[in-house]
Amino acid sequence: MRKKIINTIWLTTIAITLSLGYAMLFFSESKLLTFINIYFIIGLFSLSLGLVIYVVEGGFFTFFSSSYKKFLKSIGISMFNRQHQIEEDIVTEHSNFSLKMPLILVGATSILLTFTISVLIY
């Protein structure tokens, strides 16, 4: 749990630093609006990446492919050899990617924060 909190803090710090650096270096007018926009984009990318990792690790695609194989087998289409059937029977463990939840948390908080700031200021 502590590692997830530390990873979340680091990702948040990196996202804010990148947003501030981009806003200060490349745009001269309305730096706050540029910061909000860049921070929102970084948060959206982070949230999307975290959710994709969550879906892939959840086994959705493994379940989908095994269901498709069973369906093809039930209608009589045999496209898979014995090796594929052996691999299908073996249950694989999914690795626990340590940045999954921090990416989701950073993305969600940055999107909510930028939305709140933009509504309050503009």
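No value in this document is a laboratory result; all are computed from the given coordinates. What you see is a predicted model, and the numbers here were worked out from it, not measured in a lab. Methodologically, a virtual Cβ is constructed for each residue, glycine included, from the backbone with ideal geometry; neighbour enumeration extends over all protein chains shown.
Values for this structure:
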quantity	calculated
Segments 11-22, 104-115 sorted - mean Cβ within 10 Å per residue, highest first	104-115, 11-22
Over segment 1-64: Kirkwood hydrodynamic radius from C-alpha pairwise inverse distances, Å	13.6 Å
Overall form of segment 29-73 per C-alpha gyration tensor (a/c, 1.5; a/b vs b/c)	prolate
